[in-house]
Amino acid sequence: MSISVLGAGAFGTAMAVTLSQNGPVTLWARDAEHVQAMRENGENARRLPGVKLPQNVTVSAEIADALQAETLLLAMPMQKMTGFLDTHSDTLAGKTLVSCSKGIDLSTGQGPTALIRAKVPGARAAVLTGPSFAGDIARGLPTALTLACADHSEELQAELSTPTLRLYRTTDTTGAELGGALKNVYAIAAGTVIGAGLGDSARAALMTRGFAEMLRIATELGARPETLSGLSGFGDLVLTCTSAQSRNFRLGHAIGAGEAFDPSITVEGAATAQALNKLAHTRGLEIPVAAMVMALTEQSISVDEAMQALLARPLKEE
């Protein structure tokens, strides 16, 4: 097995830790000072404090070290992926590139696997997604994820599974990546509901209508409905809409409560809301909840105004 994880955020670090049960793993970070701190402390105190890095996890700031592996997990923000693929397209050709990003590229409207195929045609594109928090994976708590790859690879499924990380495979890469991306938008909405003190009943209604929007746009873009009903769609939606461990939920909670939010924290749902509304507009789809999320994150509408806009929509059949 030859695996590197590109990106030393919380999730990338957690995947390096759990995959080290199967063999040596290289964990790459672009910040040399961050790498040095991880080597000295034996943990990623900046992103995943309290989790020790096993001895067979090699931390490096040299991209050449990481690119020697045949299977590369791209654990980087979605909006950074285009630049990375462009810069290293020649070296990445022929490798298996597994995106761990949950989002839609703002400049192209593409998900990660489509972006990989466009930028590195010679690579094998896959996506790893589903309901998970980095801390749970790193501490060996039972977690199930979706691995989507066009060739339905049992070999890759086995390579990325561990005794506590169970992967279910699918060939529906579109559905898997859209489920992972879109649920972040509705997690912001759910956090806003709770932060504003609107209650759990309102959150349940929001999640249900949000899931209907997810199905509407994902199937329009070619996803299979059953994929959205699985781990990468409904499962991930439930997790991120109900836990303060979710960065998207925390952003929404801050918006609802009228509190400041740390701008250094990557929250994919804000950018995804913009991309989602562009897609919906071009295809004539109604996604009122996602539209309110975009307006809230852009600070062009207040929480009260968003709530009133949604409640004032015409009554209709479910």
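Just a few scattered comments:
- Positive minus negative residues near residue 248 (Lys, Arg vs Asp, Glu; Cβ under 11 Å): +2
- Point-to-point label distance, residue 226-residue 154, nm (Cα→Cβ direction, 7 Å offset): 1.9
- Radius 13 Å from Cβ of residue 292, net charge of other residues (Lys, Arg +1; Asp, Glu -1): -3
- Listed peptides 2-13, 128-139, 85-96 by packing density, highest first (mean Cβ within 10 Å): 2-13, 128-139, 85-96
- All C-alpha to C-alpha distances of segment 181-311, sorted into 10 Å bins beginning at zero, yield P(r) values of 14, 49, 32, 5 percent in whole numbers.
- Qualifying trypsin sites (Lys or Arg not before Pro) for segment 29-61 [loop in DSSP, other Cβ within 10 Å: at most 13]: none
- Descending Cα extents along the principal axes, segment 43-135, whole Å: 38, 29, 19
- Equivalent ellipsoid semi-axes, the chain, via Cα gyration tensor eigenvalues times 5, rooted, Å: 33, 22, 17
- Sorting 274-284, 169-179 by their mean Cβ neighbour count within 10 Å, with the most densely packed peptide first, gives 169-179, 274-284.
- Centroid-to-centroid separation of segment 15-41 and segment 93-162 [C-alpha atoms, Å]: 19
- Segments 308-318, 249-259, 151-161 sorted - mean Cβ within 10 Å per residue, highest first: 249-259, 151-161, 308-318
- Charge sum, other residues only, whose C-beta stays under 11 Å from residue 142's C-beta, Lys/Arg counted +1 and Asp/Glu -1: +1
Coordinate-derived values only; no laboratory data. Note that the coordinates shown come from a computational prediction; the quantities given were computed from them, not determined experimentally. Please note: Cβ atoms are built from the backbone with ideal geometry, for glycine as well, and neighbour counts cover all protein chains shown.
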